[in-house]
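The values are calculated or read from the model by the stated rules, or taken from the named source; none is laboratory data. Being a predicted model, the structure only gives us computed values, none of them experimental. Counting neighbours? That spans all protein chains shown, and the Cβs are built from the backbone with ideal geometry, glycine included.
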Amino acid sequence: MTRYIIRRILQAIPLLFIISVLLFVLMINTGDPLSTMGGRRVTRPEDRERLSRQLGLDQPIYKQYLFWLIGNDWTKVDLDGDGTAETQGTRKGILRGDFGTSMVQRGKEVTDIILDRLPNTLLLMIPTEIIVIALSLAVGVYSALRQYSATDHIITGLSFIGYSMPIFFIALVSMYIFGVNFKAWGLPYLPTVGMFDPKVGKTTGQVIQHMILPIFSLTVITAAGYSRFVRSQMLEVISEDYIRTARAKGLPNRMVITGHALKNAALPLVTIVGLDVPLLLGGAVVTESIFAWPGMGRLFIDHLSRSDTPVVMGILMMISVAVILSQLITDIIYAWLDPRIRYS
Amino acid sequence: MMGTAESDVIKIQEEFKTEALTPGQLMRMRFVRHKMAVFGLIMLVILILYSFGGAFIFTEAEANFTNTKLRLNPPSAENPFGTDTVGRDILIRTIYGGQISLLIGLAAVVVEVVLGVLIGAIAGYYGGWIDGLLMRFTEAMFNIPQLFLLLVMAKFFGGSVPDINLFGRQFSGSVVVIIVIIGLTSWMYLARIVRANFLSLKEREFVLAAHTTGTSNFSIIFQHILPNSIAPIIVSGTLSVANAILSEAYISFLGLGVKPPTATWGNMLEGAYNYVETAPWLWIFPGLLIVLTVLSINFVGDGLRDAVDPHALVDAG
């Protein structure tokens, strides 16, 4: 097992290298970060030149990548533009944990910017994931045990619709119903945008109220796919011999379902959840945009639109590492839960 | 006595004898039994008629005609779906937007299938270091969440393609950009399916036979092996159309997609969340059309999956 884990981690290195080169080349060419830097003022050509020298944007791409990857404190850089490199570089590079500084928010560490937003995203995503798993297990099992009944047809139909629905549509509809119409009808209504009402301040009650609609939208979409999956797994499991054996020896139905069938039916869900977790980390970009939730997804969009390479690369690399790690953890958990699986 | 009884039996047997069904007929029967798939197919035809037939009633100039006096008018007899922020008629825009959205869905899948089949086929057929290299690349692409990659690419290619004139109509160059980037970010799954298929098929006798008769690698890949793995490609391609339409909607919704005045269902929704309260007709109609289209395609794809699976038996009684 240890050897398997070590091998997987070693395999991840070239993978991350390819990903980083690919994304870096794309990002560097997405636009000019200097264009929005001066705010409303038009940047003068000599300022522009000086700025691009300071930020290292005048360097060829491979050098920019190298500096981003391993830093430039081992070499000298030319800051005054006289052709001779005399200033000692200060960047440490992403391999030594230095993600660089943002170009848009001058001088602010990328790590700080990301860590500022990460808790907000987790605040939305962790409850969502818990509700989704519980809900889809319940709905999927219920629907499988009553296959072809009216309830099963309704659940299957609804989950198909949820599965085909773009998240912004369910978000807009739920905002319209619970935010706008409830207000119009004089019912208690839910806030639609932001994390808290600035007039009230960031209190726990406020944040919870603002969490309801985004979590609701995310849950509807994700649970639809999951419950379809649980249902088909459950249908497969309950037709197996060992379930018949359990029934034949007279176990009560409830025990057969929860003790025998559910355990094996829920197992593959681990894989699905493991694949989804890193996506949640990135925050549902669209959901956060609609609900104006100050999380990672919106951070990504805001800084991508201004071509802020260090921040965008920081977020993307963090997600890529999370994807690879969660795949590995999923495989390990799976082997631990299912003794039939052996890795060598 | 026995003889007549036996001949009767034979006669009766012959009366009931039926022609063997071809695989195509079996497939059609399995598909038609899938009620939701048939419903999806009918819905799709209606949606296609809506967006392409509607073009005979309204011109594109009407779809892009702005009238600032009619800003954000609610649905009325004149504008059944209301008007948008610059006074364009939403009904006509959903018609022309539908054309572009459906076109993007189909064209992006063509790009995806070409890439996926090529990479999967080459990796599976040649194996060795070619396979290793291509699969590492596929895995790397797989590890970047699609929406993030799409957004970065949309920004990267944005504005690099000039507007195109086709059939006397002007299309925003961003349509091409969106088609290409959706194709570029979605081929990985298909490549894996095709590779797995090729890995098992290339060991079969008919491939060996083709080799011994001196058939070229090119023709073994495309004429001998590929036709045998067409079923999973069709199923996955169909479901991909739905995903491509959704992807277009997501990037356009976030403002990095198709540029106005060219309408798509996705970019009609851009900024709509500012009007949740004041102008719900802005997002309800294009949103519903997207949901209907994606739902129908998913139903059809689901039906196709069952139909092409030879293990799913049909009791043709």
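Structure values in brief
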read-out: Boolean, A:Val173 is within 14 Å of another protein chain (Cβ to nearest Cβ), in contact with an Asp or Glu (Cβ under 6 Å, 6 or more places away or on another chain) and of a type in the set (Val, Ile, Thr); value: no
read-out: Hits in the stretch A:12-34 - residues which are of a type outside the set (Val, Ile, Thr), more than 7 Å from chain B (Cβ to nearest Cβ) and over 18 Å from A:Leu95 (Cβ atoms); value: A:Asp32, A:Pro33, A:Leu34
read-out: Criterion: in a loop (DSSP other than H, G, I, E, B) and closer than 21 Å to B:Ala307 by Cβ - qualifying residue of B:Leu44, B:Leu21; value: B:Leu21
read-out: Options B:Gly24, B:Gly53, B:Gly82, B:Gly97; residue that is surrounded by 19 or more Cβ atoms within 10 Å (Cβ to Cβ), out of contact with any Asp or Glu (no Cβ under 7 Å at 6 or more places or on another chain) and either within 30 Å of B:Ser236 (Cβ to Cβ) or hydrophobic (A, V, I, L, M, F, W, C) (or both); value: B:Gly97
read-out: The stretch B:34-74, subset among the small types (Gly, Ala, Ser) and touching a helix residue (DSSP H, G or I) at 6+ places or on another chain (Cβ under 6 Å), residue farthest from B:Met268 (Cα to Cα); value: B:Ala37
read-out: Matching residues in the stretch A:232-246 - criterion: being under 19 Å from A:Ser143 (Cα atoms), among the small types (Gly, Ala, Ser) and surrounded by 12 or more Cβ atoms within 10 Å (Cβ to Cβ); value: A:Ser232
read-out: Any hit, the stretch B:240-255, residues being under 21 Å from B:Ala121 (Cβ atoms), touching a residue at least 40 places away in the same chain (Cβ under 8 Å) and more than 15 Å from the chain's Cα centre (by Cα); value: no
read-out: Failed item in (1) more than 10 Å from every other protein chain (Cβ to nearest Cβ); (2) closer than 23 Å to A:Leu124 by Cβ; (3) in a helix (DSSP H, G or I); (4) in contact (Cβ under 8 Å) with a residue 60 or more places away in the chain, with A:Pro294 passing the rest; value: (3)
read-out: Within the stretch B:257-283, considering residues that are within 8 Å of chain A (Cβ to nearest Cβ) and under 22 Å from B:Asn64 (Cβ atoms), the one surrounded by the most Cβ atoms within 10 Å (Cβ to Cβ); value: B:Leu269
read-out: Candidate set from the stretch A:274-289 (those that are part of a helix (DSSP H, G or I) and over 16 Å from B:Ser252 (Cα atoms)); member that is modelled with the highest pLDDT; value: A:Gly274
read-out: Selection count, the stretch B:224-242, where residues are within 14 Å of chain A (Cβ to nearest Cβ) and surrounded by 21 or more Cβ atoms within 10 Å (Cβ to Cβ); value: 3
read-out: Selection status of B:Gly40, at pLDDT 75 or above and more than 17 Å from the chain's Cα centre (by Cα); value: no
read-out: The stretch B:171-189, subset of a type in the set (Phe, Trp, Tyr) and under 19 Å from B:Ala242 (Cα atoms), residue surrounded by the most Cβ atoms within 10 Å (Cβ to Cβ); value: B:Trp187
read-out: Positions within the stretch B:118-170 being within 14 Å of another protein chain (Cβ to nearest Cβ), farther than 27 Å from B:Leu256 by Cβ and surrounded by fewer than 17 Cβ atoms within 10 Å (Cβ to Cβ), in sequence order; value: B:Trp129, B:Gly132, B:Leu133, B:Arg136
read-out: Residue check for A:Pro214: assigned to a loop (DSSP other than H, G, I, E, B), in contact (Cβ under 8 Å) with a residue 60 or more places away in the chain and in contact with an Asp or Glu (Cβ under 9 Å, 6 or more places away or on another chain); value: no
read-out: The stretch A:23-40, subset at pLDDT below 75 and not in a helix (DSSP H, G or I), residue surrounded by the fewest Cβ atoms within 10 Å (Cβ to Cβ); value: A:Arg40
read-out: Matching entry among A:Lys199, A:Lys249 (being exposed (fewer than 13 other Cβ atoms within 10 Å of the Cβ), modelled with pLDDT of 85 or more and over 30 Å from A:Ile315 (Cβ atoms)); value: A:Lys249
read-out: Scan of the stretch A:303-329 for residues that are more than 8 Å from chain B (Cβ to nearest Cβ) and over 16 Å from the mean Cα position of the chain (by Cα), ordered by number; value: A:His303, A:Arg306, A:Asp308, A:Thr309, A:Pro310, A:Leu328, A:Ile329
